[in-house]
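So the structure is just underneath, and the comments pick up after that.
Values quoted throughout were computed directly from the atomic coordinates according to the rules given, and no laboratory measurement underlies them. Note that the structure is predicted; figures quoted are calculated from it, not measured. Quick reminder, even Gly has a Cβ in these numbers, built from the backbone with ideal geometry, and neighbours come from all protein chains shown.
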Amino acid sequence: MTIRYRRPELVLRLPIYNMIKDVLAGPTAVKEAGIRYLPMPNTEKDDKANRDRYLPYKLRAQFYNACARTLDGLVGQIFYRDPVIELPAILAPLIESVDGGELSLYQQAKEACSQVIPLGHGCLLTDYPTTERAATRRELMDGKVRPTITLYTPEQIINWRWATLGAKKYLSLLVLEETFDKEDNGYEIELGTQWREFRVENEEGKRILHCMVWRETDIGLVIAQDFYPKMGNGKSWEEIPVSFIGSVNNDHVPDRPPFEDMAHINIGHYRNSADYEESCFMVGQPTPWASGLTEAWVDEVWKGELRLGSRGIVPLPVGGSFGLAQAAPNIMPMEAMLAKEKQMVALGAKIVEQAQVQKTATESSQQNVVESSTLSTVAQNISSGYTKAIQFCLMYLNSNDKFEFALNTDFEVSTMNAQERQQLMAEWQGGAITWDEYRWSLKRTGVAYMDDAKAKTQIESEISLNVGGITNGQEEEEDAESDNEGDVS
């Protein structure tokens, strides 16, 4: 076995990952894959005639990218409300450049959602540059020397192992596959493959993290880097600073890709489209026909040509007839396409569909059920993954500062119309629900967004100033009129 070894769990998933990514990439990627997704019309022959027929057959096929549109909508649901990102000042550079490049923390979190929702797996690696001396606070605040967080796809996580020390289980090996700039002539960059290996070594009952970077070169595998990462307090790391993220849970085992079923149906829809479009092309156009004609009639009367249209006249001999032949529409491929479209809609809805799960007796007595879905689980898992990754950043900096990172998990947006809001207010005014319950319903449906305590203070302030209502002068006049009416009575 070598550094290139891939775990069987990954090898099993790779064809599925590639299919889902091709589908999400769009019609160009799907069509370039050729017979992998669209078999030849005659699968029993591979001659020139069959290949010549296949080119227009594939060209006419339409790829309806329901998967990509569904993914855009699901990611949009999570980021309809901005994530809660509150980092200490020492990690402020992370917000604008999370991986040391131009990618912001917000953008990378969005990219993580776009990866985990369809593929179901990934990881976040927290890294820190090796320096000969301790970085100054100015260098840390300016972001010149600071930790970074890198997102890895499931295909890049090629190997892992677990070990135990006493009663504790820990990740003892992790191998990540990357690319590096192998050659650069100033105009063109040739990329090479490298493997980043993290191994937790056990020395006299103490765990020490060892990192090596292997590179594929013209002379074979070489070790480009070999070092022992240190934390901000100068101590060696005892664990690999990685946080796995998944669609079910955040362990190292790849979860079943949530988009697997939908991608299969999307490709089936593409195949139905190829058959339907070829049928339209082959027999869809009307074909003129005539009967009872002779060769002399065609030569002498028609003069060897026939004109059709509103100004055209078709002279026929006695007993002759003329018409346009057109095949009856072949609706079977179209019906198959429509059925698959409904299936894809149902599968997409299933990802965001809420399921009710009974809480335990020790949990809140005010709410009997908690709503969960694949989409909310992904959002919670990614929030947990980033929380762990940011904690690793603080460990690199020897800091105990508090922080918060959380993605939105409330996807019921603007579902309350004006009449429903009026009814809700009536129930509050009538004493059927409390003010907190009233506010909770408004925030849940996207009508209100402020914190309850802050909103209550501002509402009381606005009432005291009569914002949007009558002025103080009008109140005094009305009070005076009321007093006068009382005197008269």
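Write down the Kirkwood hydrodynamic radius of segment 147-276, to one decimal in angstroms, obtained as one divided by the mean of 1/r over all alpha carbon pairs.
Over segment 147-276, the inverse of the mean reciprocal pair distance is 18.1 Å.
Count the net charge of all other residues whose Cβ sits under 14 Å from the Cβ of residue 293, scoring Lys and Arg as +1 and Asp and Glu as -1.
Local charge sum for residue 293: -3.
Name the residues whose placed amide hydrogens come within less than 5 Å of the amide hydrogen of residue 448, ignoring near sequence neighbours (fewer than 5 apart) on the same chain.
Result for residue 448 returns 443.
Around residue 266, with a cut-off of 12 angstrom between Cβ atoms, what is the net charge of the other residues, counting Lys and Arg +1 and Asp and Glu -1?
Around residue 266, the surrounding residues sum to -1.
Provide the FRET efficiency to the nearest 0.05 for the residue 342-residue 68 pair, computing r from the beta carbons and using R0 = 22 Å.
0.75
Show me, for segment 105-122, the HN-Hα J-couplings you get by feeding each phi into the Karplus relation (A = 6.51, B = -1.76, C = 1.60, θ = phi - 60°), rounded to Hz, glycine and proline as x.
Values, residue by residue: 4, 4, 5, 5, 4, 5, 5, 4, 5, 5, 8, 6, 4, x, 9, x, 7, x Hz.
Sorting check: for 121-130, 19-28, 179-188, which peptide has the highest mean count of neighbouring beta carbons within 10 Å, and how do the rest follow?
121-130, 19-28, 179-188
What are the ³J(HN,Hα) couplings of segment 313-322, residue after residue, when phi is run through the Karplus curve with 6.51, -1.76, 1.60 and θ = phi - 60°? Round to Hz, x for glycine and proline.
Once rounded to whole Hz, the list reads 10, 9, x, 10, x, 4, x, x, 8, 9.
Using 7 Å Cα-to-Cβ label points, what is the residue 410/residue 332 separation (nm, one decimal)?
For the pair residue 410/residue 332, the computed spacing is 5.2 nm.
I need the calculated FRET efficiency for the pair residue 454 and residue 9, taking r as the beta carbon distance and R₀ as 51 Å, to the nearest 0.05.
0.60
What spacing in nm lies between the two simple spin-label points modelled at residue 461 and residue 216, each 7 Å away from Cα in the Cβ direction?
Result: 6.2 nm between the two label points.
Name the lysines eligible as straight-distance cross-link partners of residue 230: C-alpha to C-alpha under 17 Å, and not fewer than 8 places from it in the same chain.
206
Kindly put 459, 240 in sequence by how many other C-beta atoms sit within 10 Å of each C-beta, fewest to most.
By the 10 Å Cβ count, ascending: 459, 240.
If you rank 201, 216 by fewest surrounding Cβ atoms within 10 Å, what's the result?
Ranking 201, 216 by Cβ neighbours within 10 Å, fewest first, gives 201, 216.
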